[in-house]
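Asks: Got a structure here, written out as structure tokens. Questions coming.
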Amino acid sequence: MNRKERQEARAERYRQFAENAEKRALAAFNASNTAVENIPLGQPILVGHHSEKAHRRALERSHGAMRRSVHESEKAAYYRQKAEAVENNDNIYLGDDDAIERLEDKIAELTEKQERMKATNKIVRSKKRDEDKIAELIALGFSHKGAENVVAKGTMFPAYMLTNNNARINAAKKQLAKAKSLATKEDREYEAGGLNIEECYSENRVRVYFPGKPDDELRAKLKRNGFRWAPSMGCWQAYINRWTLDLIKEITKSNQ
């Protein structure tokens with residue numbers, strides 16, 4: 001299962017959680033109404049009457065059920081948002097099968113945007129006639145009305161936008177270089193210090209299999225260094241980088 005498939009499966013789980021919560025919310029809402037269905041609308045509690053205790057118990061059941069209904073409705077909304085967030089997550093991870101292709105596309109898109117912003121500013125700053133500026137902006141992709149507005153107001157892309165976009169280009173280039181480096185390395189499994197280690201470069205993961213549960217201190221150290229327990233695999237795993245590999249060396253050395 002690739003990352004996209006895992007992403008879709010996770011979104012589906014969240015949608016199922018939301019649906020189950022909505023069912024519980026509706027059941028609790030109905031229970032709230034049922035608890036007081038035999039009490040006339042607006043009927044006050046008759047203090048001292050033989051019906052007082054039953055009336056109070058019915059109201060308590062109704063209010064408790066309504067609180068559960070509200071709580072489950074909030075849970076349903078939360079899981080709906082989680083599902084939507086997972087579906088809309090278009091971040092590129094080094095373990096993705098198409099990471100290199102998507103990073104190259106991202107760099108090309110950001111570079112095109114950078115050049116377009118620089119060209120726009122150059123046109124606006126030029127001493128050409130407004131008609132010529134408008135024509136050049138249209139050639140860059142602006143609509144006629146948009147080009148007229150830019151020229152009329154002398155609008156330019158601020159320096160911080162150029163700086164931020166350039167930083168995104170550089171970050172993507174570094175990520176691409178790492179993705180290409182990982183693609184050339186072969187996955188390997190080995191035993192060291194009584195532990196089984198997997199360096200899975202195709203997924204950008206390093207995994208550690210302990211013979212038993214690590215002590216509190218070691219678990220805390222693993223978490224501080226980016227490792228997380230993966231119940232489905234029975235191991236501690238993290239992204240492959242210098243720090244996680246150094247920690248593996250430290251742990252295996254101390255176990256020898």
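Asks: Which condition from (1) exposed (fewer than 12 other Cβ atoms within 10 Å of the Cβ); (2) farther than 21 Å from residue 98 by Cα; (3) free of Cβ contacts under 8 Å to residues at least 40 places away in the same chain is the one that residue 233 breaks?
Replies: Only one criterion is unmet by residue 233, namely (1).
Asks: Exactly one condition in (1) more than 16 Å from residue 247 (Cβ to Cβ); (2) open to solvent by less than 90 Å² (accessible area, probe 1.4 Å); (3) basic (Lys, Arg) is false for residue 207; which is it?
Replies: That leaves (1) as the condition not met.
Asks: Using the structure shown, decide if residue 84 is open to solvent by 40 Å² or more (accessible area, probe 1.4 Å), modelled with pLDDT under 90 and farther than 30 Å from residue 206 by Cβ.
Replies: On the way: open to solvent by 40 Å² or more (accessible area, probe 1.4 Å): yes; modelled with pLDDT under 90: yes; farther than 30 Å from residue 206 by Cβ: yes.
For residue 84, the condition - open to solvent by 40 Å² or more (accessible area, probe 1.4 Å), modelled with pLDDT under 90 and farther than 30 Å from residue 206 by Cβ - is met.
Asks: May I pose another question? Return the residue satisfying two criteria in turn: it lies in region 34-55 and is surrounded by 12 or more Cβ atoms within 10 Å (Cβ to Cβ) and part of a helix (DSSP H, G or I), and of such residues it is farthest from the chain's Cα centre (by Cα). Reasoning before the result, please.
Replies: Looking only at region 34-55, we keep the residues that are surrounded by 12 or more Cβ atoms within 10 Å (Cβ to Cβ), and these are 34-36, 39, 45, 51-52, 54-55.
Subsequent filtering for residues that are part of a helix (DSSP H, G or I) retains 34-35, 52, 54-55.
Numbers: 34: 41, 35: 42, 52: 53, 54: 50, 55: 48 Å.
This residue is 52.
Asks: Evaluate the following for residue 111: is it touching a residue at least 12 places away in the same chain (Cβ under 8 Å), more than 19 Å from residue 238 (Cα to Cα), β-branched (Val, Ile, Thr) and part of a helix (DSSP H, G or I)?
Replies: Numbers: touching a residue at least 12 places away in the same chain (Cβ under 8 Å): yes; more than 19 Å from residue 238 (Cα to Cα): yes; β-branched (Val, Ile, Thr): yes; part of a helix (DSSP H, G or I): yes.
Yes.
Asks: Now, a different point. Just one of 245, 218 is under 27 Å from the mean Cα position of the chain (by Cα), of a type in the set (A, V, I, L, M, F, W, C) and in a helix (DSSP H, G or I); which is it? Outline the logic, then answer.
Replies: Numbers: 218 fails: under 27 Å from the mean Cα position of the chain (by Cα).
When all the criteria are applied, what remains is 245.
Asks: Now for a separate question. Could we say that residue 79 is open to solvent by 60 Å² or more (accessible area, probe 1.4 Å) and among the aromatic types (Phe, Trp, Tyr) here? If you could, list the steps in order and put the result at the bottom.
Replies: Numbers: open to solvent by 60 Å² or more (accessible area, probe 1.4 Å): no; among the aromatic types (Phe, Trp, Tyr): yes.
Here the answer is no, as residue 79 does not meet what is asked.
Asks: Next question, about the same structure. Among 193, 212, 226, which is the only one that is open to solvent by less than 70 Å² (accessible area, probe 1.4 Å) and over 15 Å from residue 247 (Cα atoms)?
Replies: Working: 193 fails: over 15 Å from residue 247 (Cα atoms); 226 fails: over 15 Å from residue 247 (Cα atoms).
Exactly one residue qualifies, and that residue is 212.
Asks: Given the structure, is residue 31 in a helix (DSSP H, G or I), touching a residue at least 24 places away in the same chain (Cβ under 8 Å), open to solvent by less than 80 Å² (accessible area, probe 1.4 Å) and within 21 Å of residue 79 (Cα to Cα)?
Replies: On the way: in a helix (DSSP H, G or I): yes; touching a residue at least 24 places away in the same chain (Cβ under 8 Å): yes; open to solvent by less than 80 Å² (accessible area, probe 1.4 Å): yes; within 21 Å of residue 79 (Cα to Cα): no.
Against the criterion (in a helix (DSSP H, G or I), touching a residue at least 24 places away in the same chain (Cβ under 8 Å), open to solvent by less than 80 Å² (accessible area, probe 1.4 Å) and within 21 Å of residue 79 (Cα to Cα)), residue 31 does not qualify.
Asks: Looking only at region 187-201, decide whether some residue is under 25 Å from residue 99 (Cα atoms), assigned to a loop (DSSP other than H, G, I, E, B), free of Cβ contacts under 8 Å to residues at least 40 places away in the same chain and out of contact with any helix residue (DSSP H, G or I) (no Cβ under 7 Å at 6 or more places or on another chain). Outline the logic, then answer.
Replies: In the first step, residues of region 187-201 are kept if they are under 25 Å from residue 99 (Cα atoms); the result is 187-189, 197-201.
Then keep just the ones that are assigned to a loop (DSSP other than H, G, I, E, B); that gives 187, 201.
Then keep just the ones that are free of Cβ contacts under 8 Å to residues at least 40 places away in the same chain; that gives 187, 201.
Among the residues that remain, those that are also out of contact with any helix residue (DSSP H, G or I) (no Cβ under 7 Å at 6 or more places or on another chain) are: 187.
Within region 187-201, one or more residues are under 25 Å from residue 99 (Cα atoms), assigned to a loop (DSSP other than H, G, I, E, B), free of Cβ contacts under 8 Å to residues at least 40 places away in the same chain and out of contact with any helix residue (DSSP H, G or I) (no Cβ under 7 Å at 6 or more places or on another chain).
Asks: Just name the residue that is modelled with the lowest pLDDT out of those in region 87-108 that are open to solvent by 40 Å² or more (accessible area, probe 1.4 Å) and in a helix (DSSP H, G or I).
Replies: Ranking the candidates gives 87 first.
Asks: Can you tell me which residue in region 135-179 is nearest to the chain's Cα centre (by Cα), limited to those that are surrounded by 14 or more Cβ atoms within 10 Å (Cβ to Cβ) and among the small types (Gly, Ala, Ser)?
Replies: The extreme case among them is 172.
The values are calculated or read from the model by the stated rules, or taken from the named source; none is laboratory data. Owing to the predicted nature of the structure, the values given are computational and were not obtained by experimental measurement. Positions of Cβ are backbone-derived with ideal geometry, glycine not excepted, and every protein chain shown enters the neighbour counts. SASA here: full protein model, heavy atoms, side chains in, ligands and nucleic acids out. Shrake-Rupley method; radii C 1.70, N 1.55, O 1.52, S 1.80 Å.
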